[in-house]
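In what follows, a structure is listed as structure tokens, so that the remarks can point back to it.
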Amino acid sequence: MPLSDDDVREILRIIDESDLDELRVETGELSLHVVRGGAAPAADVSAATQDTDDGVAILAPMLGTFYRAPAPGEAPFVGVGSSVEPDTIVGIIEVMKMMNSVHAGIAGTIVEVCAENGEPVEYGAWLFRVEP
């Protein structure tokens, strides 16, 4: 579902009324990156993962509310010990009532859940740690 002009105005109004300096929203067909005047853009997290000494992090591709399950009361998409492939859905991030699937981006085993269900996450925040 494409964003209307009113949707874009509403996003800009929310940013204007908040303390945010930068917002990135990405969906299947849309990529919106807004930087408040004078703010330097954050480092690009072009891949969903980053290597660490203790595995690979699955990072939040956007700012929003992170959910580990498809609906309240349902089982989480993945947990510690789950095997994932690059296209495995590991969670969803809600942005302005739009639910956006988060894919693992790597094959491996989930070794740590880093983000709490129903909590806000920032762009680039660690969601899971994976052992490739």
All positions within region 81-110 that are over 13 Å from Ile58 (Cα atoms), free of Cβ contacts under 8 Å to residues at least 40 places away in the same chain and not in a strand (DSSP E or B): Gly81, Ser82, Lys97
Test: residue in region 81-88 that is open to solvent by less than 30 Å² (accessible area, probe 1.4 Å), modelled with pLDDT of 95 or more and farther than 25 Å from Arg24 by Cα: yes
Output for region 61-80, where each listed residue is open to solvent by 40 Å² or more (accessible area, probe 1.4 Å) and free of Cβ contacts under 8 Å to residues at least 12 places away in the same chain: Pro72, Gly73, Glu74, Ala75
Unique match (being open to solvent by 50 Å² or more (accessible area, probe 1.4 Å), within 30 Å of Asp5 (Cβ to Cβ) and modelled with pLDDT under 90) among Gly124, Gly38: Gly38
Search result, residues across region 90-112 that are under 27 Å from Glu10 (Cβ atoms), among the aliphatic types (A, V, I, L, M) and open to solvent by less than 70 Å² (accessible area, probe 1.4 Å): Ile92, Ile93, Val95, Met98, Val102
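The values are calculated or read from the model by the stated rules, or taken from the named source; none is laboratory data. Just so we're clear, the structure is a prediction, and the values are computed from it rather than from any experiment. Please note: Cβ atoms are built from the backbone with ideal geometry, for glycine as well, and neighbour counts cover all protein chains shown. Note: areas computed on protein heavy atoms with side chains; ligands, DNA, RNA excluded. Shrake-Rupley method; radii C 1.70, N 1.55, O 1.52, S 1.80 Å.
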